[in-house]
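The values are calculated or read from the model by the stated rules, or taken from the named source; none is laboratory data. Model, not experiment: these values are computed from the prediction. Virtual Cβ from ideal backbone geometry, glycine too; neighbours counted across all protein chains shown. Areas reflect the complete protein model, heavy atoms only, side chains present, ligands, DNA and RNA absent. Shrake-Rupley method; radii C 1.70, N 1.55, O 1.52, S 1.80 Å.
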Amino acid sequence: MAEKQRCQEGHWPCVDNCSFFGSPATLNLCSKCYRDFRLKEEQAASAKLAVEISLSSPPSSAATVSSSTAPSSPSEEPSEVAAEPAPRPTRCKSCRKRVGLTGFRCRCGWTYCGQHRYPERHACAFDYKAAGRAAIALANPVVKADKLRRI
């Protein structure tokens with residue numbers, strides 16, 4: 001009886017038979033199965049887009065340039081790979097001690113060990129006073145009242 005009442009309210013057992021309930025908004029799938037379903041759809045769409053890009057011919061101006069220099073094959077075309085961030089320096093700038101993951105990144109842009117992490121210990125070139133003044137100026141704009149008329 002309780003199951004019929006749940007079904008009438010719009011909650012159905014998940015279509016993938018995972019013992020949870022789904023709703024019509026999620027194609028009668030539970031939240032986990034629906035998330036997996038959406039992920040598979042997105043991967044399929046991105047794979048389809050990648051195939052279309054790789055099969056499409058380059059613009060005519062680029063084709064004339066590449067044909068005049070050397071014959072190109074699909075394996076020689078540059079692939080679109082996400083640029084990886086530059087590796088973090090693993091040595092202290094002052095003493096060249098290995099710091100690994102425990103290094104301190106200064107505002108001057110270099111990585112330092114625990115002894116040289118303070119600006120006065122490594123002769124930092126960053127102007128902290130100017131940065132502080134700029135931060136205060138941004139945080140506290142000038143407030144100027146309107147002039148009053150004298151009667």
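By the scheme Lys and Arg +1, Asp and Glu -1, what is the net charge of all other residues having a beta-carbon under 13 Å from that of D127?
Once all neighbours under 13 Å are counted, the net charge is +3.
Run the 1.4 Å probe and let me know the accessible area of S31, rounded to the nearest 10 Å².
Surface open to solvent at S31 totals about 90 Å².
Rounded to the nearest percent, how much of the accessible area of segment 88-135 (1.4 Å probe, protein heavy atoms only) is carbon and sulfur?
Accessible surface attributable to carbon and sulfur in segment 88-135 totals 52 percent.
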